[in-house]
Amino acid sequence: MALRGDLLDFSAAPAWGETESAAVRYRPAHWLLVEGGRIAAVQTEPPPEGWPRHDYAGRLILPGFIDTHVHSPQIDVIASYGTELLDWLTTHTFPAEARHADIAHTEATASFFLDALLAHGTTAAVVFPTVHKASVDALFAAAEARGMRVIAGKVLMDRNAPEGLRDDVVSGERDMEELIARWHGRGRLAYAVTVRFAATSSPEQLALAGHLCAADPSLYMQTHVAENRAEVRWIKELFPAARSYLDVYAQAGLLNAKSVFAHGIWLDDADRAALAAAGAQIAHSPSSNLFLGSGLFGWRAAEAAGVNVSLASDVGGGTSLSMLRNMADAYKVQALAGERLTAWKALHAATRGAANALGLENEIGSFEPGSTADVCVWDRAVGPVAMRRAEVARTLHEHVFAWMTLADERNLVESYIAGESRYARALSS
Ligand code: GUN
Ligand code: ZN
């Protein structure tokens, strides 16, 4: 089949602050040809006779967004009032996660969550389910049914968590081994060793997680680091011998090219150098960082140190699954820090940049021929204010920046996974 519209993707990483960038590939009124679920070509000529055609003339077509850090069970605590991180976990989040001991609940939530991602223009995600093995089975099964690229794993927590949400070193290892055997590398699914954060795993459990990563370098690793100042102080008390919070993970063997660290707000130069040397990534979660009052992420310093930075919703700390809303928040976080985030930098971080950081650049994140056709079609403007703003924009960056800032899931027209339509809203015109 073939889709026509205004194609926007990246051939490389745009430089910080550049509103005109050779890395931007904008191909208006082009056809995207999809064969066998993969991108076959991008061209101005229509496809050969007999190809099913979907004409989205005048609309933007982008690679589906990649959310590199999001919690499926926390869809039920999005927008919970009145707490910072540690309080928020005990007051709102742990009770919601405990409900996933119920298999029917965890299955229904997994399907709801993935459909919600698709309805927000996110086609791939790195996900925390819960400590319960069944929550991982449910999420992977639902992802497989939709053909989605999902990276996830059982949350490890053997201390400082309520009854019903704790595992132990032995059961955690057994569950992980079973889940890895069942799901890792099956279709578009991959397993991530999932340490909630250093406060909720004993040193023994951290070591176990590190051994698993070392034994199989194809496994991902995901956790939280240096999000909130009270959290950082607590980690210092729990691990007095570590040089820093990140160093707790490094010492346990959890810092490598497949590691995804959420937040990374309160890091120092040595931490950034260690992340860059390992080829690890920070999943910057601006909406969550603002909502929980966690702090302002130093994207420019991370970039200057050579650290991979991707973008994440971190729902339910974050207040929207929309990666566009998160990009708008990322711009505001940088503005508070005296920096300017271009639309190119933000969009790249949620597409090709994330794919690169995950080692998935041949599969997702761009319109390179051979990539899987995970593609989203967007209205350029919804509502009179956005429409008026779009009309007066003079340059491509001005137009796309206003779109990124004003758009949300209401702008989404259709989401394709491997060339199959998985979400479609009725076209307004
Ligand atoms: N740190 C440990 N657990 C969590 C979580 O669920 N969300 C966020 N934002 N930070 C965490
Ligand atoms: Zn998180």
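Quick rundown of the values:
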{"quantity": "The chain: proportion of alpha-carbon pairs further apart than 38 angstrom, %", "calculated": "17 percent"}
{"quantity": "Span per principal axis, largest first, for the Cα atoms of the stretch 349-417 (Å)", "calculated": "39, 23, 18"}
{"quantity": "Projected-area average for the stretch 1-89 over all orientations - Cα convex hull basis, square nanometres", "calculated": "10.0 nm²"}
{"quantity": "Positive dipole terminus of the stretch 259-354, leading residue within Leu275, Gly293, Leu341 (C-beta point charges)", "calculated": "Leu341"}
{"quantity": "Label-reachable residues, the stretch 114-128, where backbone N falls under 12 Å from a point 7 Å from Arg425's Cα toward its Cβ", "calculated": "119-121"}
{"quantity": "Rg ratio (alpha-carbon, reference 2.2 N^0.38 Å) - the stretch 1-51", "calculated": "1.37"}
{"quantity": "Calculated log₁₀ intensity ratio I(q)/I(0) where the Debye formula runs over C-alpha points of the stretch 175-265, q = 0.14, 0.19, 0.23 Å⁻¹", "calculated": "-0.49, -0.83, -1.13"}
{"quantity": "Separation of the Ala277 and Ser171 label points, Cα + 7 Å toward Cβ, nm", "calculated": "3.8 nm"}
{"quantity": "Two-site FRET efficiency, Arg394 against Ala230, from Cβ-Cβ distance with R₀ of 45 Å, rounded to 0.05", "calculated": "0.45"}
{"quantity": "Estimated FRET transfer efficiency (Glu45, Ala214; beta-carbon r; R0 56 Å; 0.05)", "calculated": "0.65"}
{"quantity": "Long-range lysine pairs (8 or more apart or interchain), the chain, Cα under 26 Å", "calculated": "7"}
{"quantity": "Most positive-pole-ward Cα, Tyr191, Ala226, Gly210, against dipole of the stretch 185-260 from beta carbon charges", "calculated": "Tyr191"}
{"quantity": "Calculated over the stretch 23-150: convex hull of Cα atoms, volume per residue (Å³)", "calculated": "154 Å³"}
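Each value in this text was obtained by applying a stated rule to the coordinates, not by laboratory testing. It should be emphasised that the depicted structure is a prediction, and the values quoted were computed from it without experimental measurement. Cβ sites come from the backbone with ideal geometry, for glycine too, and all protein chains shown count toward neighbours.
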